[in-house]
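Contents: one structure, followed by commentary.
Computed from the coordinates by the stated procedures, all read-outs in this text should not be read as laboratory data. Note that the structure is a prediction, hence the values are computed from the model and not measured. Using ideal geometry, Cβ is built from the backbone for each residue, glycine included, and neighbour counts are taken over all protein chains shown.
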Amino acid sequence: MIDLGLSKLAIIGVVALIVIGPEKLPKVARMAGSLYGRAQRYLHEVKAEVSREIELDELRNLHKEVSEAAHSIKTDVENSIAKDLDDVQASWRGHISSDSAPATMSDLERKARDFRRKKLSRNAAVPGWYKQRHGGKTHIISGAARVKKFRPRTATSSSFF
């Protein structure tokens, strides 16, 4: 690589001043600076594009690894579910074959009788019209309302004025 020190740059500047001349030197310096800036921007764009390609390649590899891992997990879960389902079906078939005695008629009659008795006890409430006719409680009142209802009335009527 070229080793440019301050002394070498000074010598190049003096030679450029003599060869180019003092009138054109500022224009040449501006053009050299703009060309140097363009070259830097071009190199920066190339570096950025290369790094984007590298990142994109890494993302592709990562996507491939993740999809392979997801596929392996999916197959493991499917195999596990199939195995468990086979175990359940095998135990169910074993349970049905061992309990071959169906329910007898006396069991069914007893269950029906218990069901009817429980249903009757749930639905055997006293109807509202019967309560009204025979003085049963139709609604609940608070303690203060009950005290007011049964408090003896006073004969004096007091007025505010």
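Under a no-solvent Debye model with one identical scatterer per Cα of region 8-95, what's log10 I(q)/I(0) at q = 0.13, 0.18, 0.26 Å⁻¹?
At q = 0.13, 0.18, 0.26 Å⁻¹ the computed log10 ratios are -0.74, -0.92, -1.14.
So which lysines pass the test for residue 111, namely a Cα distance under 28 Å, with those fewer than 8 places away in the same chain ruled out?
Output for residue 111: 119.
On full extension of the chain, what length is gained from residue 61 through residue 120, given 0.36 nm per residue of separation minus the C-alpha to C-alpha distance?
14.1 nm
Counting other Cβ atoms within 10 Å, which trypsin sites (Lys or Arg not before Pro) in region 1-66 have at most 13 and lie in a DSSP loop?
For trypsin sites (Lys or Arg not before Pro) across region 1-66 that sit outside H, G, I, E and B with at most 13 neighbouring Cβ atoms in 10 Å, the list reads 24.
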